[in-house]
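Structure, as structure tokens:
The values are calculated or read from the model by the stated rules, or taken from the named source; none is laboratory data. Please read these numbers as outputs of a predicted model, since none were measured by experiment. Positions of Cβ are generated from backbone atoms using ideal geometry, with glycine treated the same way; all protein chains shown enter the neighbour counts.
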């Protein structure tokens, strides 16, 4: 990130970056009566891998992605698939809320900059979490609106088009290298900040790394 850069918009990934992800706890609880704790952890990894694979193809609504990924994981582990488990997972999404380090620095940023979210979810699943961020977002874009999931570049192109902005107008903030950092950089987003939430190996660009959202606000002097 260029320390002299003044962005037209600060764009954020939402789930994982601003909002806590609790797939691990939710999924392990659902299979705890069928798998040992150790195998439960492995099941969660299987479920995650299927979610990553399912978003690569043509766009489908996020609840369908979750259903099919859960079905595939259950098949792999030879345990019973239950639609009720899928429904519980989907219902839990809107209850996770922001990371502890998010609301105060986000409010600082919102006082000076237009804040935008581009999330890999559908409209119905993100509104409740967006309302918990403590700021009024300038825009909230979803994969459903873009008809594409990150890392598809179509998702970012939709963002640029809707904002009528060029990639160089943005500061993009995310906790995901594969979903966000790489495709955004390939499309010309030169200014990014990576927040380490433990999803990816550390990047080798220390000037672009921070471990809290407050680090982003501090770098921008707000």
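Do we find a residue being farther than 19 Å from residue 9 by Cα and free of Cβ contacts under 8 Å to residues at least 40 places away in the same chain anywhere in the stretch 102-118?
Within the stretch 102-118, none of the residues are farther than 19 Å from residue 9 by Cα and free of Cβ contacts under 8 Å to residues at least 40 places away in the same chain.
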Sole miss for residue 137 among (1) touching a strand residue (DSSP E or B) at 6+ places or on another chain (Cβ under 7 Å); (2) not assigned by TED's automatic domain parsing to the domain that holds residue 180 is condition (2)
Return the total of residues in the stretch 123-159 being more than 12 Å from the chain's Cα centre (by Cα) and part of a loop (DSSP other than H, G, I, E, B).
10
Is it fair to say residue 67 is touching a helix residue (DSSP H, G or I) at 6+ places or on another chain (Cβ under 7 Å) and not assigned by TED's automatic domain parsing to the domain that holds residue 132?
yes
Test for residue 43: is it farther than 30 Å from residue 164 by Cα and surrounded by 17 or more Cβ atoms within 10 Å (Cβ to Cβ):
yes
Between 169, 211, which is touching a strand residue (DSSP E or B) at 6+ places or on another chain (Cβ under 8 Å), free of Cβ contacts under 8 Å to residues at least 40 places away in the same chain, farther than 30 Å from residue 57 by Cβ and surrounded by fewer than 22 Cβ atoms within 10 Å (Cβ to Cβ)?
211
Hey, among 69, 32, which residue is over 30 Å from residue 214 (Cα atoms) and crowded, with 19+ Cβ neighbours inside 10 Å?
69
What number of residues within the stretch 72-98 are loosely packed, with under 13 Cβ neighbours inside 10 Å and within 22 Å of residue 175 (Cα to Cα)?
1
Among (1) at pLDDT below 95; (2) surrounded by 19 or more Cβ atoms within 10 Å (Cβ to Cβ), the one test that residue 152 misses
(1)
From the list 196, 123, which residue is within 19 Å of residue 212 (Cα to Cα) and surrounded by fewer than 18 Cβ atoms within 10 Å (Cβ to Cβ)?
196
The stretch 99-120: number of residues that are more than 15 Å from the chain's Cα centre (by Cα), buried (at least 19 other Cβ atoms within 10 Å of the Cβ) and part of a loop (DSSP other than H, G, I, E, B)
0
